[in-house]
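To start, the structure itself, in structure tokens.
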Amino acid sequence: MEGIQLATQVTPWLASGRTLFLIIHLLGITGFAYIVAMRLVPLLRAQRDLRFDRPLARVGKVLKFGLAQWKHPRYRVAGILHIFIFAGFICLVIRAFYVLIVGVSENFVMPGLSGEAGHVYNIITDYAATVVFLCMVIAIVRRLVFKPARYAVPEKFGKAHTADAVFLLALIAVLMLADSLFSAARAAGQAQQGQTVEVLAAWSLPWMLKSLLASSSLSALKDVYFGAYLLHEVTFYFLLCYRPFGIQFHVETSLFNLYFAKLERGTVKPVRYGVSDEHLDQVKSFGVKTFEDFTWKHMLDFYSCADCGRCSDNCPANAVGRPLSPRFITTKARDYAFQHYPMFGKSTNHQPLIGNLYSEDEIWSCTTCGACEEECPLLVEYIDKIVDLRRGMIDDGNVPQSLQKPLKALESRGNPYGKMEKKRADWANAKEFRQTCPVKTLDGKNHADTLYFVDSVTSYDDRMQSIGRATAKILDHVGENFGILGTAEKDSGHEVRRFGEETLFMALRDHNVDAIKASGAKRIVTADPHAFNALKHDYKDMPPVEHISQVIASEVKSGKITFNAVENGKDVYTYHDPCYLGRHNQIYDDPRNVLDAIPGLKRVEMSRSRDRSFCCGGGGLAMFYEPKEEERMGVKRVRMAAEAGANVIVTACPFCMVNIEDAIKVAGMEGKMTAIDLAELTEKQMMRESRVLETKGTVEIQQESVAGR
Amino acid sequence: MEILVCARRVPDTSENEITLNSAGNDIERDELVYSVNEPDNYAVEEALQIVAKAGGNVTVVTVGGEDDEEILRREMAMGAHHGVLISDEAFNGSDGRGIATILKGFVQKGNYDLILTGVQAEDGGAQVGGMLAAMLDYPFASLVNSIEVLDGRKLKIGREIAGGNREISEIDLPCVLSIQTGINEPRYVGMRGIRAVASVPIPTYGVSELGIDPGAVGEAAARVKRVDYFLPQLGKGAEMLEGSREEVIDKLVELVAAKGGLK
């Protein structure tokens, strides 16, 4: 029996294990360092990625998406659980170091945590451990009993990840339990020896364990204390070294992943960082063909993914049964990295990714809508990877036949349809329209401050030409001095770039940049969000660019546009956010404000709206691609509108219009659902002073365009 | 295996609106965009796939003018090893037989195991391949939609015949085959690929290099002469079926059955 000791002295129960603990420490830390070093091997061989600029913005990302867990509440249950676990871990960081040091130096006290502060911190950690433990139990039950659908792994993507997830959750639970048991045994021992007892937080895990241990013998308590410590130590280091082999590596990597996250929305990464456009011809290979063609940040993404499934849960391609599920783009690459860059032995990287890791259709299935990236709590990037993989396929000539024709037509005619250049401005030459709203061509003889950039679909598609005419009428109505490039305009190349044909994109861009500069315009307006995004993010040194919805919204505010009440008060409208207006450019409110300014217009929101909008099927080249799918995205979207109780879908993108109008027919909802572009609706509803004749002209044109289909 | 593909530059039908010129003897060519004749492109792809397996070289040849170099570069960007332009004023106005005569001259200068042509030129008459084979006294097969290289200088070829049936034949090398579209999926060639071969020299051969009797080719020797060129009158437009969905379906079934489309 040991004698009663001074209150300040703690029984050195761990002293006998010091050597053992020291060895475990060294083994654990060395092992972890080695594993991380091996994990860094592919990153060091990867492509450059220049992400060392703007440290403040980057720290901001870490604070918002890391510390403040910004994305997590979007998934209520899992998100809140994660916030509790994360908060618990943050509280336990100092304690973890303290506990590790105690094994070697038992009387160690964390600097700054002696006395009162220490007691407060201990209370906090008691509860933190309890909360984390409970969260683990809930998470395990969730995984095993409730099985949320998004965790399921379709057969084609391999085996279920449940066992691994539960194993990791259980390990953390064991760690919390061991830590609590350690505190409890010490406190119980202190009590039995009449020492000052460290106060345990009431109803916390250590507190409850202490109650259980209260009547145990001192030697049993000593064994429990020692055993709990050993269990904690072994579990801690096992977990530390096991994390880099699975989804929990994000605990370490997420900090870096958030810091180095992409800062600019709507952009596409350059073919090679640090290589200017002029020198691109010297780059031997474009895009990603083998694993080491990814940038180090993209590899870090693979390591950081927590397999939460939110990307795929929001992916429209996945929803309609296309062979793409973003989650597996990442996890397959991670598995590849683990397999080909082993802990021991030589690494291998010669296998082409397409045909082995990814299928061609998988990579062409993406519409670059950005729903996955919007949802990812760790800011994993997908679009840039998809584009890079496509660049690789394009470079190898590996392009579906359905896309080759439009690409060739874009090269020779500047539009994907192979239509004559001279007919590009035909939409503005419809007889009745030209009489009421003549549109200037900024060809050097005519000048205007505002350039209306029309882009291909609005220029050539019979139905979409109506959006062009409505846009022109709105600009005319608000007194804008505007013109178009006419035959000098070529396709913006927005989808050309996102489908990986960078060289063709550059040719289109350079042509348009020259034409825009030659026009002398000081401002660009477009009604096509894809053109908008291209002009804003893909082109350089352009005058300010506005989408027509922004123009309308500001002119509604200024009072230049006022609306007549809607004729049919029974119609219920809903606004469908185009991906390249909403998610990629954050324009959510302007179109809604315009709708709400129309007297008598009833508007409802679809459950998927704003940054969770559901892609209509994609624009540009996506319209030529023939995917394997169970249902069209547009059909799903139209059903969502019907579920919301709407019978008019308003959108602000010509491609959305094509897809949604087709989908209405496919879904058999003709007569029950209609679609209209925001510009068309504005033009239809705007109040004109004594311009009766013009209204008549519009009606005729609309009839003509319907008949023309 | 040394493979020669005879290719031709034609106005791209999917990217042009074909109209007659004012004289009515040709189409308006001012704003046309051209591309490689589509079946020829399949022939080049097939040749590339054969040499990828069996080894060898692919040469693409065209008879034309300076502008036609464009398609040679495109096919070289695809992977063809050599491009050759056959150009001479004496060749202008040649008919199919004239072109075959010119190509025969070129073939005899080389040592080709296999000569491929597209099944037909989009602005031509599917005649050069057969005539070239006859002039060379080579075996010939048309409408080929599969090729398998056998041992002993033989090929196993599939041909599309009426009714969607396929015929499999063996043919001795050297031979001439005309290639049907759909035999493969031609790889994509972008601007980047074309730029990469932009400065590769393309040899040009004329009458003297090929040793051809100028009297046997060109307009004077042509025995087939185009006398007119016109766009057929547009027929009656599409027939719109009206009624409920079921009625429309019934009418459609009836119409298709009446034309022998349903048995």
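The values are calculated or read from the model by the stated rules, or taken from the named source; none is laboratory data. Predicted model only: the values in this text are computed from it and were never measured. In this analysis, Cβ positions are derived from the backbone assuming ideal geometry, glycine residues included, and neighbour counts consider all displayed protein chains.
Looking only at region A:448-480, filter to residues that are touching a strand residue (DSSP E or B) at 6+ places or on another chain (Cβ under 6 Å) and among the hydroxyl-bearing types (Ser, Thr, Tyr); which one of those is surrounded by the fewest Cβ atoms within 10 Å (Cβ to Cβ)?
A:Thr450
Might you let me know whether region A:550-571 holds any residue that is under 30 Å from A:Asp384 (Cβ atoms), surrounded by 15 or more Cβ atoms within 10 Å (Cβ to Cβ) and assigned by TED's automatic domain parsing to the domain that holds A:Glu489?
Here is the first cut: in region A:550-571, the residues under 30 Å from A:Asp384 (Cβ atoms) are A:550.
Subsequent filtering for residues that are surrounded by 15 or more Cβ atoms within 10 Å (Cβ to Cβ) retains A:550.
Checking which are assigned by TED's automatic domain parsing to the domain that holds A:Glu489 leaves us with A:550.
Yes: one or more hits.
Among A:Thr162, A:Thr130, which is polar (S, T, N, Q) and surrounded by 16 or more Cβ atoms within 10 Å (Cβ to Cβ)? Show your work before the answer.
On the way: A:Thr162 fails: surrounded by 16 or more Cβ atoms within 10 Å (Cβ to Cβ).
Criteria check complete, one pass: A:Thr130.
Please note which strands (runs of 3 or more DSSP E) are completely contained in region A:548-660 and include at least 1 residues that are of a type in the set (A, V, I, L, M) and without any contact (Cβ under 8 Å) to a residue 60 or more places away in the chain. Outline the logic, then answer.
Working: elements: A:572-575, A:602-604, A:648-651.
Passing ranges, in order: A:602-604.
With the requirement that a residue be at pLDDT below 90 and not charged (D, E, K, R), what does region B:146-165 give you?
B:Gly152, B:Ile161, B:Ala162, B:Gly163, B:Gly164, B:Asn165
Could you list, in sequence order, the residues of region B:29-71 that are assigned to a helix (DSSP H, G or I) and of a type in the set (S, T, N, Q)?
Scanning region B:29-71 gives B:Asn41, B:Gln49.
Restricting to region B:105-123, name every residue that is over 14 Å from the mean Cα position of the chain (by Cα) and surrounded by 19 or more Cβ atoms within 10 Å (Cβ to Cβ). Lay out the reasoning, then the answer.
The first filter runs over region B:105-123 and keeps only residues over 14 Å from the mean Cα position of the chain (by Cα), leaving B:105-114.
Selection gives B:Gly105, B:Phe106, B:Val107, B:Tyr112, B:Leu114.
In region A:529-545, which residues are within 17 Å of A:Gly468 (Cα to Cα) and more than 22 Å from the chain's Cα centre (by Cα)? If you could, list the steps in order and put the result at the bottom.
Of region A:529-545, the ones within 17 Å of A:Gly468 (Cα to Cα) are A:529-532, A:545.
Within region A:529-545, just A:Val545 meets the criteria.
Picking from A:Leu175, A:Leu209, A:Leu181, A:Leu171, which residue would you name as being surrounded by fewer than 19 Cβ atoms within 10 Å (Cβ to Cβ), in a helix (DSSP H, G or I), assigned by TED's automatic domain parsing to the domain that holds A:Gln248 and under 48 Å from the mean Cα position of the chain (by Cα)?
After applying the criteria, what remains is A:Leu171.
A:Glu374 passes all but one of (1) in contact with a Lys or Arg (Cβ under 7 Å, 6 or more places away or on another chain); (2) away from chain B (no Cβ under 14 Å); (3) assigned to a loop (DSSP other than H, G, I, E, B); which number fails?
(3)
Against the definition (among the hydroxyl-bearing types (Ser, Thr, Tyr) and touching a His at 6+ places or on another chain (Cβ under 8 Å)), how does A:Thr235 come out, yes or no?
Numbers: among the hydroxyl-bearing types (Ser, Thr, Tyr): yes; touching a His at 6+ places or on another chain (Cβ under 8 Å): no.
When the stated conditions are applied, A:Thr235 does not pass them.
Only residues that are under 23 Å from A:Trp364 (Cβ atoms), facing chain B (nearest Cβ under 8 Å) and hydrophobic (A, V, I, L, M, F, W, C): list them for region A:408-428, please.
Across region A:408-428, the qualifying residue is only A:Ala409.
A:Asp462 versus (1) farther than 19 Å from A:Ala534 by Cα; (2) touching a residue at least 40 places away in the same chain (Cβ under 8 Å); (3) outside any loop (DSSP other than H, G, I, E, B); (4) not aliphatic (A, V, I, L, M): which is the lone unmet condition?
Of (1) farther than 19 Å from A:Ala534 by Cα; (2) touching a residue at least 40 places away in the same chain (Cβ under 8 Å); (3) outside any loop (DSSP other than H, G, I, E, B); (4) not aliphatic (A, V, I, L, M), only one is false for A:Asp462: (3).
Could you tell me how many of the residues in region B:4-28 are within 14 Å of another protein chain (Cβ to nearest Cβ) and in a loop (DSSP other than H, G, I, E, B)?
9
Can you name the residue in region B:183-207 that is surrounded by 13 or more Cβ atoms within 10 Å (Cβ to Cβ) and within 30 Å of B:Asp137 (Cβ to Cβ) and, of all such residues, is nearest to the other protein chains (Cβ to nearest Cβ)?
B:Asn184
Please determine whether any residue of region A:516-532 is in contact with a strand residue (DSSP E or B) (Cβ under 8 Å, 6 or more places away or on another chain) and either surrounded by fewer than 21 Cβ atoms within 10 Å (Cβ to Cβ) or within 14 Å of chain B (Cβ to nearest Cβ) (or both).
yes
Here are some residues: B:Ile50, B:Ile102, B:Ile71. Which one is under 24 Å from B:Ala220 (Cα atoms), in contact with a strand residue (DSSP E or B) (Cβ under 8 Å, 6 or more places away or on another chain) and crowded, with 17+ Cβ neighbours inside 10 Å? Break it down stepwise before answering.
Values: B:Ile50 fails: under 24 Å from B:Ala220 (Cα atoms); B:Ile71 fails: under 24 Å from B:Ala220 (Cα atoms).
Being under 24 Å from B:Ala220 (Cα atoms), in contact with a strand residue (DSSP E or B) (Cβ under 8 Å, 6 or more places away or on another chain) and crowded, with 17+ Cβ neighbours inside 10 Å holds for just one of B:Ile50, B:Ile102, B:Ile71, which is B:Ile102.
Based on this model, can you work out whether A:Asp491 counts as surrounded by fewer than 22 Cβ atoms within 10 Å (Cβ to Cβ) and within 14 Å of chain B (Cβ to nearest Cβ)? Even if it seems obvious, please write down each step before you answer.
Details: surrounded by fewer than 22 Cβ atoms within 10 Å (Cβ to Cβ): no; within 14 Å of chain B (Cβ to nearest Cβ): yes.
Judged against the criteria, A:Asp491 is not a match.
Can you tell me which residue is farthest from the other protein chains (Cβ to nearest Cβ) among those in region A:377-396 that are of a type in the set (Asp, Glu) and part of a helix (DSSP H, G or I)? Spell out how you get there, then give the answer.
Going residue by residue through region A:377-396, those that are of a type in the set (Asp, Glu) are A:381, A:384, A:388, A:395-396.
If we keep only those that are part of a helix (DSSP H, G or I) as well, we get A:384, A:388, A:395.
Values: A:Asp384: 19, A:Asp388: 15, A:Asp395: 7 Å.
By that ranking, first place goes to A:Asp384.
Only one of A:Lys445, A:Lys405, A:Lys431 is more than 23 Å from A:Glu546 (Cα to Cα), facing chain B (nearest Cβ under 8 Å), surrounded by fewer than 23 Cβ atoms within 10 Å (Cβ to Cβ) and modelled with pLDDT under 95; which? Walk me through it before giving the result.
Numbers: A:Lys445 fails: facing chain B (nearest Cβ under 8 Å); A:Lys431 fails: facing chain B (nearest Cβ under 8 Å).
When all the criteria are applied, what remains is A:Lys405.
Please find, among A:Val174, A:Val153, the residue that is among the aliphatic types (A, V, I, L, M), touching a Ser or Thr at 6+ places or on another chain (Cβ under 9 Å) and farther than 16 Å from A:Val137 by Cβ. Before the answer, list the steps.
On the way: A:Val174 fails: farther than 16 Å from A:Val137 by Cβ.
Answer to the selection: A:Val153.
What number of residues within region A:575-611 are under 23 Å from the mean Cα position of the chain (by Cα) and farther than 17 Å from A:Ile561 by Cβ?
21
Could you tell me which numbered condition B:Asn145 fails, if it satisfies all but one of (1) surrounded by fewer than 21 Cβ atoms within 10 Å (Cβ to Cβ); (2) part of a helix (DSSP H, G or I); (3) of a type in the set (S, T, N, Q)?
Of everything listed in (1) surrounded by fewer than 21 Cβ atoms within 10 Å (Cβ to Cβ); (2) part of a helix (DSSP H, G or I); (3) of a type in the set (S, T, N, Q), B:Asn145 misses just condition (2).
Can you go through B:Val84, B:Val58, B:Val107 and tell me which one is in contact with a His (Cβ under 7 Å, 6 or more places away or on another chain) and among the aliphatic types (A, V, I, L, M)?
Details: B:Val84 fails: in contact with a His (Cβ under 7 Å, 6 or more places away or on another chain); B:Val107 fails: in contact with a His (Cβ under 7 Å, 6 or more places away or on another chain).
That would be B:Val58, the only listed residue that is in contact with a His (Cβ under 7 Å, 6 or more places away or on another chain) and among the aliphatic types (A, V, I, L, M).
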